[in-house]
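The structure appears right after this line, and notes come after that.
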Amino acid sequence: MLTLTFPEKTWAHELSAARKLAALSLATMGLFALTTPLHLALAAFGAAALIASGGGQFARAALRPLVMLWPFVAIVAGWHLWLQEAAGAAIILRMLTAVALANFVTMTTRLSDMIAVLEWLLRPLSRLIPPARLALAIALTIRFIPVMLLRAEALALAWRARSARPARWRILPALTLSALDDAARVAEALRARGGVD
Amino acid sequence: MEKSFVHIALFAALIAILGLIPKIDLISGVPITAQSLGIMLCGTVLGARKGALAVLLFLVLVAAGLPLLSGGRGGLGVFAGPSVGYLIGFPIAAFVAGWVVQNWQARLGIAAFAGAAVGGVALLNIIGIAGMSVILDKTLPEAALLAAPFLVGDIIKAVLAALITRAIARMRPDALLSRA
């Protein structure tokens, strides 16, 4: 499965994940403190420069998730144009800049580094969620996503072999049940190998 | 111990699958994804605590940078965008759906529908609308207008969650952890 990390190294890939996340938190709080469209436009310009520094392909990949926000942009823009208020521009700029900056961090940080920071952040909860168990749970989930995707496709094919109607939701009970059965088997296998701490 | 642990991990994967398969357009013509159905199922099948933990694990993977949300979205950006309220509401929705199934001794199908409707539709939309109202700087009623078109799909998903939960109870009664 592909992660959202950009495969080619940019300068920001070198920075530590924890620092990038700390900077992102501060920047996002800062964005919500800004209210005038001019200040937010400057912030958006800064974010655009940051993204452009990664090169053309990087910038194109960074723009894709922003394009997905177009319904919200359209609604807010329409609403505030109707009321003839400048506030709409501030809202749109703030939203797009916040999302772009967050995506910039995701795109320049490897999945394993990000998980390491998340585990560190969850350390205060280590009595509730032991880090080793969290790591194993993450690995199991990532491993089982392709397994269950194949299962879903196989179930849909099996349905199509016997019915002219599309399967739609009818494969979902079987898919859910297969997840429960897999869980029972994997739990047994884990126990046989010494169990979860 | 191992069993509930693995259930949490595999249901986190199930939520991801339900968001990844665009082929399961549940009812023809209604453009809804099955992802929030996965949230409801975590609660109604696994119960409150394990269901909420499965959803949290799913969100950890999304935040870490896997494109597991419907439409291939993921990463930290989604937590800064207008649908952040729905993401915050996901684990709460699963918890409430599971809590209702565990504590209301009505017939399973009815309890599962009630849980999915209260947690996965009502509560989730309230938190989601609050999130949109903050990010888009709109009043709550204005933000609610944005969520309204999806309400029909949400109610269909609550019905499906109840049907699937009941089907599992019939096929494998001891597998249903919320009523174990």
Problem set entry | Once exposed loop GluC sites (Glu not before Pro) are cut out (DSSP; at most 16 other Cβ, 10 Å), longest piece of chain A | A:86-197
For this session: Assuming a ≥ b ≥ c are the square roots of the Cα gyration tensor eigenvalues, decide whether chain B counts as rounded (a/c under 1.5), prolate (otherwise, with a/b larger than b/c) or oblate.
Result: prolate
Problem set entry | Sparse-neighbour loop sites [trypsin sites (Lys or Arg not before Pro); region A:104-197; at most 12 other C-beta within 10 Å; DSSP] | A:127, A:193
For this session: Between A:105, A:147, A:73, find the one with the highest GNM mean-square fluctuation for chain A; connect C-alpha pairs within less than 10 Å.
Result: A:147
Problem set entry | Cα centroid separation, region B:136-180 to region A:1-70 (Å) | 34 Å
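Can you pull out the trypsin sites (Lys or Arg not before Pro) in region A:1-96 whose DSSP state is coil and whose Cβ has at most 15 other Cβ atoms within 10 Å?
A:9
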Problem set entry | Range in chain B, longest, excluding exposed trypsin sites (Lys or Arg not before Pro) [loop by DSSP; at most 16 other beta-carbon atoms within 10 Å] | B:24-106
Exercise. Exactly which chymotrypsin sites (Phe, Trp or Tyr not before Pro) in region B:90-180 are in a DSSP loop and have at most 16 other Cβ atoms within 10 Å?
Worked result: B:104
Seminar exercise, completed: Note: A:96-107 gets an average of partner chain Cβ contacts (10 Å, Cβ to Cβ) equal to 5
For this session: In nm, give the distance between the simple-model label positions of residue A:33 and residue A:8, each being 7 Å from the Cα along the Cα-to-Cβ direction.
Result: 3.6 nm
Exercise. Around residue A:147, what is the net charge, scoring Lys/Arg as +1 and Asp/Glu as -1 over all other residues with Cβ under 14 Å from its Cβ?
Worked result: 0
Exercise. What 222 nm value per residue comes from the helices of chain A, counting each DSSP H run with n ≥ 4 as -39,500 (n - 2.57) and dividing by all residues, nearest 500 deg cm²/dmol?
Worked result: -25000 deg cm²/dmol
Exercise. Which residues in region A:9-31 place their backbone N less than 15 Å from a point set 7 Å from the Cα of residue A:57 along the Cα-to-Cβ direction?
Worked result: A:9-11
Seminar exercise, completed: Tilt, helix B:151-171 to longest principal axis of chain B (alpha-carbon atoms), in degrees rounded to tens, equals 20 degrees
Seminar exercise, completed: Interchain or sequence-distant (5+) residues whose placed amide H lies within less than 5 Å of the amide H of residue A:53 are none
Exercise. What is the local net charge at residue B:129, summed over the other residues whose Cβ is closer than 11 Å to its Cβ (Lys, Arg +1; Asp, Glu -1)?
Worked result: 0
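Only the coordinates and a few stated rules stand behind these numbers; no lab work does. In this text the structure is predicted, and so the values were computed from the model without any measurement. Positions of Cβ are generated from backbone atoms using ideal geometry, with glycine treated the same way; all protein chains shown enter the neighbour counts.
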